[in-house]
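Colleague: Following this message is one structure expressed as structure tokens.
Derivation of every value follows stated rules applied to the coordinates shown; laboratory data play no part. As the structure is a computational prediction, the values presented were derived from the model and not from experiment. All Cβ positions, glycine included, derive from the backbone under ideal geometry; neighbour counts span all protein chains shown.
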């Protein structure tokens with residue numbers, strides 16, 4: 001029964017890029033492995049990890065000389081390391097952290113087939129690599145899960161009580177809840193984050209777009225309500241499923257979170273008190289968007305006219321990203337279908353009968 005469940009879930013939830021966006025290039029002369037199309041960098045190491053399921057994973061580790069934290073990044077669907085290479089460099093530089101990213105079994109140049117339980121073994125292998133190969137400690141690690149990556153992230157976080165923090169980017173309540181507004185958890189569901197998130201004891205930051213067309217914003221909001229140690233969430237107004245990295249608030253809020261969790265526990269009481277103050281109004285209004293001063297202190301001195309102009313310019317951030325010399329145009333183009341929970345065509349008629357909001361995913365099925 002479990003095998004059948006895993007097989008059906010894999011067909012519904014996992015869409016590895018075909019073909020992979022990169023190849024592994026071995027340079028015997030200097031003894032290094034690189035991703036095709038990317039130059040060798042002294043601070044980037046390409047790795048092979050072995051999982052307890054017997055699969056071999058492709059991974060990359062980005063070092064920062066002044067890092068006090070290490071981020072273990074679990075990416076979304078329909079993406080692989082080739083798509084995320086520039087993003088990892090960007091995050092490592094701006095957040096001053098080390099980053100380990102990996103491809104799930106069956107993704108990129110990783111062997112095996114994608115499944116829920118394989119991704120649990122995958123993230124465990126990546127975490128073990130940080131501890132054994134790079135000398136990281138549990139209390140120095142921040143887990144980052146984007147969309148489907150929130151599944152293995154929350155599962156591992158629920159079993160590691162001393163983590164520094166967790167970031168959930170466009171997370172899901174569960175696999176089934178992406179497609180159906182069910183009120184209970186069924187045995188055949190996958191990635192039951194809704195049931196596991198209360199077991200996560202470290203600070204949790206949730207980032208979600210209010211116009212997410214794939215994973216509704218309500219998923220992020222409900223998970224935030226269930227968090228034991230809440231950090232001020234980031235609801236990006238107008239943000240969709242694959243463009244949150246292009247909002248300036250994204251990197252500002254991440255910086256603030258990383259700096260906060262790197263402080264001693266006694267210094268964290270201030271932001272905990274702030275969250276306690278905003279939570280009642282958030283619940284009563286059904287909506288909470290953090291004030292702009294929480295993401296950038298410079299906003300305090302800006303006039304209403306300046307804030308309005310900044311909001312209008314937020315949707316043309318390509319110029320700002322260009323200044324960082326990061327090719328986000330290429331990154332966005334390659335991730336248009338990132339982490340889409342597309343339903344298999346052979347099951348469309350059966351699934352349509354139980355779904356009211358079918359129009360929202362028509363474009364996804366057509367692809």
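Colleague: At 4 °C and 1.567 mPa s, grab the translational diffusion coefficient of segment 1-152 from Stokes-Einstein with a Kirkwood Rh over Cα pairs, rounded to a whole number in µm² per second.
Modeller: Reported coefficient: 83 µm²/s.
Colleague: Moving on. 7 Å from Cα along Cα→Cβ at both residue 240 and residue 137: what's the point-to-point distance in nm?
Modeller: So the label points at residue 240 and residue 137 sit 4.4 nm apart.
Colleague: Between residue 184 and residue 255, what FRET efficiency comes out of the Förster formula 1/(1 + (r/R0)^6) with R0 = 25 Å and r the beta carbon distance, rounded to 0.05?
Modeller: Taking R0 as 25 Å, the efficiency between residue 255 and residue 184 is 0.05.
Colleague: Can you compute the FRET efficiency between residue 199 and residue 52 using 1/(1 + (r/R0)^6), with r the Cβ-Cβ distance and R0 = 22 Å? Round to the nearest 0.05.
Modeller: E(calc), rounded to 0.05, equals 0.55.
Colleague: Defining a contact as two alpha carbons under 8 Å apart and six or more residues distant in sequence, what relative contact order in percent does segment 189-260 show?
Modeller: It rounds to 34 percent for segment 189-260.
Colleague: If you take every DSSP beta bridge fully contained in segment 1-158, what fraction is antiparallel? Give it as a percent rounded to 5.
Modeller: If I count the DSSP bridges inside segment 1-158, around 60 percent turn out antiparallel.
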